[in-house]
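**Q** Sharing a structure, written as structure tokens. Questions coming.
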Protein chains: 2
Amino acid sequence: MDALEPIERTLEAAIADAGPDCPGRLAAALRYAVFPGGARLRPKLCMSVAWACGAEDPALVAAAGSAIELLHCASLAHDDLPCFDDADTRRGKPSLHRAFGEPLAVLAGDALIVMAFDVLANGARECPQRLAPLARIVSRASGAAGGIAAGQAWECEAEIDLSRYHRAKTGALFSAATMAGAAAAGLDHEPWRRVGELIGEAYQVADDIRDAFGDADALGKPVGRDAALARPSACLEFGLQGAIARLNGLVAEACASIPPCPRGAELAGLIRQEARRFLPEDIARLAA
Amino acid sequence: MDALEPIERTLEAAIADAGPDCPGRLAAALRYAVFPGGARLRPKLCMSVAWACGAEDPALVAAAGSAIELLHCASLAHDDLPCFDDADTRRGKPSLHRAFGEPLAVLAGDALIVMAFDVLANGARECPQRLAPLARIVSRASGAAGGIAAGQAWECEAEIDLSRYHRAKTGALFSAATMAGAAAAGLDHEPWRRVGELIGEAYQVADDIRDAFGDADALGKPVGRDAALARPSACLEFGLQGAIARLNGLVAEACASIPPCPRGAELAGLIRQEARRFLPEDIARLAA
């Protein structure tokens, strides 16, 4: 079975659920923003952690992973807007506002945020007592208190706090993924924060490498933006070999931070395997 | 005691809770979008219904009302954006994007949506089993399935479905207010939908009247927009006297629709009293 099948099915049901009370163009914009997905790294991580923790409610696990993915899709839709990155392409096709116009890109982002919590509440029918911790993990990861909205808003400050910026903009949803996986299994989620943070940092380094050495066509989005915009970048700082060494170090540290759980060793294997796909093969080979 | 004190306190705590992980300008934008409030009609309605239903958890009731108010504030921030109404003023001061710029207006709206669910999950600590119905009431009222995002998105369609447009854009949060009040008390919320819908329709008629006959300075927002944009309006259709008669008829129908509950008669009195304040005194006098 495709490991992501429960996620795709949950996302599909959530989009379809809007039904006739959703205006047609908004429905199309929502679908466009969510399908086809990228690597679905965050829901995959959430599901792997839930599995490692012995979660027994598959609907709740799929809801948690899907909620995180919907928030990720919402943030891409809004980050691409003309008032932020003004991006023309995303996931290899025109960005949402280029395809549907700015009003629908704003509204689709809003509706996806709402949908994340709707999916979560709907998925918690069998385990209502797990909803509050899950909803709070997801809300803290996406809101003003160190979540993705806070991350993007650091760009509006005169002085940017870089470590907070990356932790909020990229790290927050990765730590939400590991914490939500544990919470969906009914475990204390706090010890899982660090694992997600480290994977998020590794992903950020990989993103810097892709931006510096990747191919826009293959990645489906523009490259060379860090250098052009003088943004901080692990690659510009350490060079390709140094950045890849840092990426590998972070992944190893993430695996070493896995809290005791029924399938911790298997989870470490899954994380290492997934992290190998953070970089396109040609770049990974460059460094080998 | 001021009936709204628990709402203002909950909103204040939610904004303050963002703490040092919230960039300073985003924190200021959030505060600006929420304080000072308008009439806080929706949370007041939610609290009145919860009281009439005999709700026994004040923190949950305040959380439900505050969540609805936060979603309302979020929708105002986004509706005022240049790509929608491009409004210069709101609640008697510059609109959010005029005061803080477009990026922060987008992000503050996003963060307020997230905050609504965070407040709800935090307020449900003592009654975790009531969180799922409340979260779903609130999410349906604000998302793509007939919620405020759907309402605004009807403006992006070639043909607008007017009854769905008003029901989603204005009615949804009013019916969420009555339903959430009942759900916070642990009652079946569905019978409360119609009461909120009717109050929402009455409010829409009052809004049309204010737009046609009100004073921009007193209202704190532009007037005459319906006529200028050829938007449908109860006032343009029925005239002032006719529109006021319709408003009163809707309020009476709302009161007659109150489901059996411990303090139904008192609730009807509160609704009539509140509805008298839908219109500025000078306009109400014009029709008397």
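Every number in this text was worked out from the coordinates using simple rules, so none of it is lab data. Keep in mind the model is a prediction, meaning the values are calculated, not measured. FYI the Cβ positions are ideal-geometry reconstructions off the backbone, even for glycines, and counts take in every protein chain you see.
**Q** Within the set B:K169/B:K221; A:K169/B:K221; A:K169/A:K221; B:K93/B:K169, which residue pairs have Cα atoms separated by over 26 Å?
**A** As for pairs spanning more than 26 Å Cα to Cα, those are A:K169/B:K221.
**Q** Which ordering of A:S139, A:S257, B:S163 is given by a fewest-first count of other beta-carbon atoms within 10 Å? Please list the in-between numbers first.
**A** On the way: A:S139 30, A:S257 18, B:S163 10.
Lowest to highest Cβ neighbour count: B:S163, A:S257, A:S139.
**Q** Related question: Label position 7 Å from Cα toward Cβ: report the copy-to-copy distances for B:E12 in nm, one decimal, ordered from shortest.
**A** Nearest to farthest, the other copies are at 5.1 nm.
**Q** Partner chain Cβ atoms within 10 Å, averaged over the residues of A:97-107 - can you pull that number for me?
**A** Working: counts 1, 0, 0, 1, 2, 4, 8, 5, 1, 12, 13.
Counting Cβ atoms of other protein chains within 10 Å of each residue's Cβ and averaging gives 4.
**Q** How large is the Kirkwood hydrodynamic radius of the protein assembly as shown, in angstrom, based on all distinct alpha carbon pairs? Don't skip to the end; give the middle numbers.
**A** Working: mean 1/r = 0.0411 Å⁻¹.
For the protein assembly as shown, inverting the mean 1/r across all distinct Cα pairs yields 24.3 Å.
**Q** Under the convention of a label 7 Å out along Cα→Cβ, give the distances in nm from A:Q273 to the same position in every other copy, shortest first.
**A** In nanometres, ordered from closest: 6.5.
**Q** Taking the label point 7 Å from Cα in the Cβ direction, how far apart in nm is B:F238 from each other copy of itself, listed shortest first?
**A** Between copies, matching label points for B:F238 lie 6.9 nm apart.
**Q** So how compact is chain A: Cα radius of gyration and Dmax in angstrom?
**A** Cα-based Rg and Dmax for chain A come out at 18.2, 53 Å.
**Q** Related question: Using helices alone, what [θ] at 222 nm do you get for the protein assembly as shown, with -39,500 (n - 2.57) per DSSP H run of 4 or more residues, divided over all residues and rounded to the nearest 500?
**A** -20500 deg cm²/dmol
**Q** If the convex hull of the alpha-carbon atoms of the stretch A:166-288 is projected onto planes in all directions, what is the mean projected area in square nanometres? Display every interim value, and only then the final one.
**A** Numbers: hull surface 31.1 nm².
Across all orientations, the stretch A:166-288 yields a mean hull projection of 7.8 nm².
**Q** Rounded to the nearest 0.05, what FRET efficiency do B:A265 and B:D161 have when you use their Cβ-Cβ distance and R0 = 51 Å? Present the calculation step by step, with values, prior to reporting the outcome.
**A** Numbers: r = 37 Å, r/R0 = 0.72.
After rounding to 0.05, the efficiency reads 0.90.
**Q** Could you pull out every residue, at least 5 positions away or on a different chain, whose amide H is within less than 5 Å of the one on B:T89? Hs are placed 1.01 Å off N in the peptide plane, and Pro or chain starts have none.
**A** HN-HN under 5 Å from B:T89: B:S95.
**Q** I would also like to ask the following. Most exposed first by the Cβ proxy, i.e. fewest other Cβ within 10 Å, how do B:L30, A:L236 rank?
**A** A:L236, B:L30
**Q** First measure r as the distance between the Cβ atoms of B:F238 and B:R31, then evaluate 1/(1 + (r/R0)^6) with R0 = 41 Å and state the FRET efficiency to the nearest 0.05. Let's see the in-between values first.
**A** Details: r = 40 Å, r/R0 = 0.97.
Working from the Cβ atoms, E equals 0.55.
**Q** At 24 Å minimum axial length over the Cα atoms and a Kyte-Doolittle cut of -0.5, report the qualifying DSSP H helices in chain B, or say none.
**A** Helix filter hits for chain B: B:58-79, B:102-123, B:193-213, B:234-256.
**Q** Right, another one. Between B:R9 and A:A216, how high is the FRET efficiency from 1/(1 + (r/R0)^6) when r is the Cβ-Cβ distance and R₀ = 60 Å? Nearest 0.05.
**A** Taking R0 as 60 Å, the efficiency between B:R9 and A:A216 is 0.75.
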